[in-house]
Amino acid sequence: MYSINVRTHARRWAAVAAATALAAGPAALTGAGPAHATGGSGSASAAVLRTGLDVALLNKTVHAPLAVSLNEVRAPGSARRAALTARLDGVDGGKPFSVLRAEAADAKATVDGGRAEASSTLAEARLHVPGLPLLSVVELEAVSSRAVCEAGRSPHASVTLPAAVTVLGKRVALTAGGPTRVAVPGVGEVRLDLSKTETTSTTAAATALRLAVSVDPLKLNVAEVEGTLTLAEAACETPEAPAAPAADGVRPQGARAERAAPSAEAGLAETGGDAVTPYVAVGAAALLAAGATAVAVSRRGRRG
């Protein structure tokens, strides 16, 4: 009985050893590949309008900030709202008032592979501040900005402006000579800073138009409005370049592939085996060794 138990255990261990050797296969030889961490994903952002205004009511003891934005997006994102309204306590009884209306107002930001891009466009737009519901601070036909950051290339920023805009009812030509100031008696003053672009080795930013506003509406309970209005912004940061595809496993093409094929077939014809052959041999050897052990133990049991 003891010898039968020994033979049974020996056979079981032999089967386990053979199965383990066959199941391990190529994984036991190659091992696990290293893990790679990725970083520097890049960024992109855009906005059609940002306001940073301080609104003083007629008694000048109450100040209400107006900080709103239109179509402000970050990658991946886009927005196409063409109007913006706001509401301030104490201004026209708390009723909503128009800040911007346009025929088109688009902002888009994307990061794809090694490229980050942002753009902003505004067309046929009228911009208002509290207390001046009928008189536009600025009217313009079209402005746009664009920023592109691509791995391996210098970042780029650009701006497109019209030849002229209307500020507080006055037609003003836009020039690159510096800020343009427009003053209207009894209303106030607006200073226009044009097409600001900035680039570094990894970033780009563009602003189409920036207005510094100081007006005295004296209407709708508004005494003064001061601050800035920024139109058509775009910015980006360069992402890391995508990892190059691994060269392992690349098969030769064309004539080189045709020449390589016969040698592989010839090798198989000579040996009669393939990639699985070594593992079959290992399993067979394990079975033979286990069988020999079982026979030896059985003979000792009989002699005893």
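Bear in mind that the values in this text are calculations on the coordinates, not laboratory data. Everything numeric here is computed off the predicted structure, so don't read it as measured data.
With the cut-off at 1.5 for a/c, could you classify the stretch 43-237 from its C-alpha gyration tensor as rounded, prolate or oblate? Don't skip to the answer; put the middle values down first.
Working: a/c = 2.31, a/b = 1.74, b/c = 1.33.
Verdict is prolate for the stretch 43-237.
Post the alpha-carbon centroid distance, the stretch 142-180 to the stretch 42-111, in whole angstrom.
Cα centroid to Cα centroid, the span is 20 Å.
Skipping prolines and chain starts, which residues have an amide H placed within reach, meaning under 5 Å, of the one on Gly42, given they are 5 or more residues away or on another chain?
Glu240
With θ set to phi - 60° and the Karplus curve 6.51 cos²θ - 1.76 cosθ + 1.60, what are the ³J(HN,Hα) couplings of the stretch 208-222 in order, to the nearest whole Hz, using x for Gly and Pro?
After applying 6.51 cos²θ - 1.76 cosθ + 1.60, I find 6, 8, 10, 10, 9, 10, 8, 10, 10, x, 6, 9, 6, 6, 10 Hz.
How large is ³J(HN,Hα), in whole Hz, for each residue of the stretch 106-113 in order, when computed from phi with the Karplus curve 6.51 cos²θ - 1.76 cosθ + 1.60 and θ = phi - 60°, using x for Gly and Pro?
Going residue by residue, I get 10, 9, 8, 9, 9, 9, 9, x Hz, with x marking Gly and Pro.
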